[in-house]
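**Q** Handing you this structure, nothing more for now.
The values are calculated or read from the model by the stated rules, or taken from the named source; none is laboratory data. If you're wondering where the values come from, they're calculated on a predicted model, not measured in any experiment. Note: ideal-geometry Cβ built from the backbone for every residue, glycine included; neighbour counts use all protein chains shown. Heads up: the accessible areas ignore ligands, DNA and RNA and are worked out on the full protein's heavy atoms, side chains in. Shrake-Rupley method; radii C 1.70, N 1.55, O 1.52, S 1.80 Å.
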Amino acid sequence: MSSDQLSPLVADLHLLTVLAATRSFTETARRLGVSKASASMRISELERAAGVTLVRRTTRSVGLTEAGQQLVNGMQPAFNRISESYSAVKDLVGTPRGLIRVTAPVALGRQHLAPCVAAFLKRFPDIHIELELTDRFVNLANEGFDLAIRHTNAPPDTHVAWVLCETRSTLLASPDYLARRGIPTQPAELAAHDCLLYLGSHNTASWTFVRSGKRKSREQVGVNITGTLKANNSEVLREALIAGLGIGLLPDFSVPAGGGASSGRPPLVHVLPDWQVQGFFGERIYALRPWSAQVPKAVQYFVEHLRESFARGFGAAHTAPMP
């Protein structure tokens, strides 16, 4: 096929690569600013031109045939280079502009990222941000995100990672709960307490402790825990802790100012301060982006703004001393 014959199909070929990433005509249409019917029709026209079925449609899902996947595998690097080159040229002149799609955890996004976004958009009105808050693990490349804000210990090697700040986790309870059930002095005693569990990628009903300041030590204590509440959101656990439902683990960015005293109740108390729970929340907040040769200027400016805003971290947990 000559370049003259191929030129009218380029837009439809690009649409196919987006469909391969989203596996959804609805999401593909939304990203490209066309109707779902138009997206479906253009794929059908592309299949007629190619003389082979490229997309496998069912009532529940959209997938590529072997021919469709082979075509996308060959085209995707070229479209990526075109996108990067075009963005680089646009960045040569004028103020930063364009759309940045960002994903972040719900609690971190609501409490700390939202104010940063508002301040950033006031500084750079030609930049637009689409922020999706979710506690699920998002595949940035497949879902079309430019940036992810995550707390982790080990960012993926396939991504560019900027450290925003350090973070830590704290085991907490309300004074009311500790007055009723007693104050644990060793991790093993938690087995007899109501413990509120964060449901993350681990999804395990146990905590592993090491003594604070000795994380490189091999001394570890594992405790199986039980309780009346499990949640995949730290804000939900925070409210349950303030209500006195048990002992739970929170990242420092989710610990309320005053330890919850603003709710009219005494501030939360740090439990087992000489021990640290391992493996549930990361020790750093990162901005992550799939690796590319060029980073759009708008993304660079936003990351720098986040680094400035998060530079001080979240401080010591706002909790009361042990009674």
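**Q** Give the ranking of Asp157, Asp146 by solvent-accessible surface, highest area first, calculated with a 1.4 Å probe.
**A** The residues order as Asp157, Asp146, largest area first.
**Q** Can you tell which of Leu16, Ala39, Leu172 lies farthest toward the positive end of the dipole of the chain, using +1 and -1 charges on the Cβ of basic and acidic side chains (Lys, Arg; Asp, Glu)?
**A** Result: Leu172, furthest along the dipole toward the positive end.
**Q** Chymotrypsin sites (Phe, Trp or Tyr not before Pro), restricted to the range 41-143: which are DSSP loop and have at most 16 other Cβ atoms within 10 Å? Show your work: numbers first, answer last.
**A** Working: sites: Phe79, Tyr86, Phe120, Phe137; in loops: Phe137.
Loop-located and lightly packed - Phe137.
**Q** Moving to a separate point now. Extension gain Gln278-Arg211, at 0.36 nm per residue separation less the Cα-Cα distance, in nm?
**A** Details: separation 67, 0.36 × 67 = 24.12 nm, distance 1.03 nm.
Once the chain is fully extended between Gln278 and Arg211, it gains 23.1 nm.
**Q** Work out the length of the dipole vector of the chain about its Cα centre, built from +1 on the beta-carbon of each Lys and Arg and -1 on the beta-carbon of each Asp and Glu, and round it to the nearest 20 debye.
**A** Taking the Cα centre of the chain as origin, the dipole is about 180 debye.
**Q** Can you give the % of DSSP beta bridges in the chain that are antiparallel, to the nearest 5?
**A** 65
**Q** With charges only on Cβ, +1 for K and R and -1 for D and E, what is the dipole size of the range 20-78 about its Cα centre, in debye, rounded to 20?
**A** Once rounded to the nearest 20, the dipole reads 240 debye.
**Q** Want the number for Val221 to Ala118: 0.36 nm per residue separation, take away the alpha-carbon distance, what's left?
**A** 32.8 nm
**Q** Could you name the aspartates and glutamates in cross-link range of Lys230, using Cα to Cα under 15 Å and dropping any fewer than eight places away on the same chain?
**A** Within reach: Asp135, Asp194, Glu239.
**Q** Would you list which aspartates and glutamates come within 20 Å of Lys36, measuring only between C-alpha atoms, while excluding same-chain residues fewer than 8 positions from it?
**A** Straight-distance partners of Lys36: Asp12, Glu27, Glu45, Glu47, Glu143.
**Q** Moving to a separate point now. If you count only protein heavy atoms and use a 1.4 Å probe, how large is the accessible surface of Val55, to the nearest 10 Å²?
**A** The value for Val55 is about 10 Å².
**Q** Restricting everything to alpha-carbon atoms, can you work out Rg to Rh for the chain with a Kirkwood hydrodynamic radius?
**A** Computed over Cα atoms, the ratio is 1.08.
**Q** Based on the Cβ-Cβ distance from Ala179 to Arg312, what FRET efficiency comes out when R0 is 51 Å, to the nearest 0.05? The partial results should precede the final answer.
**A** Values: r = 34 Å, r/R0 = 0.67.
According to the calculation, E is roughly 0.90.
**Q** Another question, then. Take Glu66, Glu45 and sort them by solvent-accessible surface of the protein heavy atoms, 1.4 Å probe, largest at the top.
**A** So the residues, ranked largest to smallest area, are Glu66, Glu45.
**Q** Measuring from the lowest to the highest alpha carbon on each principal axis, how far does the range 103-190 reach, largest first, in angstroms?
**A** 55, 32, 21
**Q** Still on this model: Considering only protein heavy atoms, with the full assembly of protein chains and a 1.4 angstrom probe, order Thr59, Thr170 by accessible area, largest first.
**A** Correct descending sequence by accessible area is Thr59, Thr170.
**Q** For q values of 0.15, 0.23, 0.25, 0.26 Å⁻¹, compute log₁₀ I(q)/I(0) with the Debye formula on a Cα-only model of the range 1-83, without solvent.
**A** -0.50, -1.23, -1.44, -1.54
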